Each structure stands twice: as structure tokens, then as C-alpha cells.
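Presented below is the structure to which this report refers.
The values are calculated or read from the model by the stated rules, or taken from the named source; none is laboratory data. Just so it is clear, the structure is predicted and the values come from calculations on it, not from any experiment. So basically every Cβ, Gly included, is an ideal-geometry build from the backbone, and we count neighbours across all protein chains shown.
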Amino acid sequence: MRRPLVSTSSSPRTRQILTIFFSLQVLDILTTLAGLRAGASEGSLFIGRLLAFGPLTGLVISKALALGLAAYAAVLQRERLLRFVNFWFAGVVARNLVVINAALQQLG
């Protein structure tokens, strides 16, 4: 029988951190796609290379890697690392919004 990655016996705090993590990943995908559509380019060399497979495909691959690493950190009970990564991705999403705004300002 397979065990879930984060069991119901995991702490409510870990579940909350992972919920925030998943939400930030979705926001990162959406804001990255919006930025690309507005004419901005990807700032990360690694993600830029993945985008060669297509914008959505590249982002899904990158998020699959991120989710796998987050699951591994959760299994190892590395809450502090997960919290740090959440702050990092909150910054990434905020940066994406600034880039979208700048790209839209240039268009109009």
C-alpha cells in the first residue's frame, strides 16, 4: 500500500505551508504566462531553456520539479526550508507583476 506524501498525521502547519506553496506555483505559472503574452522575456536561464518546449509545457515541467522537491522537503520535515521557498516564490510572483506592468506600459 502506498503512503501519501504528506499524511493526515502531518502537522497543520506543514499542510498550511504546502497549500501556500501550491498556490504560489499556480500564481507563478499565471503571471509568467501573462508576462510572456505582454512581451516580456523569462528572467531565469533554466526556465528560459524549458520554454523551448512551449511556454505552458516548459512551465509545467519546471513546476513538476518544484513540486517534487517540495514533497521531498515535506517528507524530510524541513518546514523551515519550505517557508523560505514560499517567501522566495512570493518574491518571484511580485517581480512577475512588476515586469507585466512595465511591459504593458511600453505597449500602451
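Is it the case that segment 85-107 has a residue that's surrounded by 15 or more Cβ atoms within 10 Å (Cβ to Cβ) and not in a helix (DSSP H, G or I)? There is no residue in segment 85-107 that is surrounded by 15 or more Cβ atoms within 10 Å (Cβ to Cβ) and not in a helix (DSSP H, G or I). Considering the conditions (1) under 25 Å from Leu104 (Cα atoms); (2) touching a residue at least 40 places away in the same chain (Cβ under 8 Å); (3) surrounded by 17 or more Cβ atoms within 10 Å (Cβ to Cβ), Leu50 is excluded by exactly one of them, (2).
Would you confirm whether or not segment 77-84 contains a residue that is part of a loop (DSSP other than H, G, I, E, B), touching a helix residue (DSSP H, G or I) at 6+ places or on another chain (Cβ under 8 Å) and not hydrophobic (A, V, I, L, M, F, W, C)? Within segment 77-84 (the criterion being part of a loop (DSSP other than H, G, I, E, B), touching a helix residue (DSSP H, G or I) at 6+ places or on another chain (Cβ under 8 Å) and not hydrophobic (A, V, I, L, M, F, W, C)), the answer is yes, since at least one residue qualifies.
Kindly list the number of the only condition in (1) out of contact with any Phe, Trp or Tyr (no Cβ under 9 Å at 6 or more places or on another chain); (2) modelled with pLDDT of 95 or more that fails for Ser7. Condition (2) is where Ser7 drops out. Close contacts from segment 74-95, counting a first residue that is free of Cβ contacts under 8 Å to residues at least 40 places away in the same chain and a second that is surrounded by 12 or more Cβ atoms within 10 Å (Cβ to Cβ) and in a helix (DSSP H, G or I), with Cβ to Cβ under 8 Å and a gap of 6+ residues or different chains, come to Leu81/Ala73. Kindly indicate whether any position in segment 40-56 is within 12 Å of the chain's Cα centre (by Cα), modelled with pLDDT of 95 or more and under 20 Å from Val92 (Cβ atoms). The answer is no, given that none of the residues of segment 40-56 is within 12 Å of the chain's Cα centre (by Cα), modelled with pLDDT of 95 or more and under 20 Å from Val92 (Cβ atoms). Which residues, counting only those in segment 65-88, are within 20 Å of Val26 (Cβ to Cβ) and β-branched (Val, Ile, Thr)? Listed by number, the list holds a single entry, Val85.
The listed residues are Leu45, Leu30, and the only one of them that is surrounded by 11 or more Cβ atoms within 10 Å (Cβ to Cβ) and not β-branched (Val, Ile, Thr) turns out to be Leu30. Just so you know, in segment 10-39 the residues that are of a type in the set (S, T, N, Q) and more than 27 Å from Ile100 (Cβ to Cβ) include one that is modelled with the highest pLDDT, and it is Gln16.
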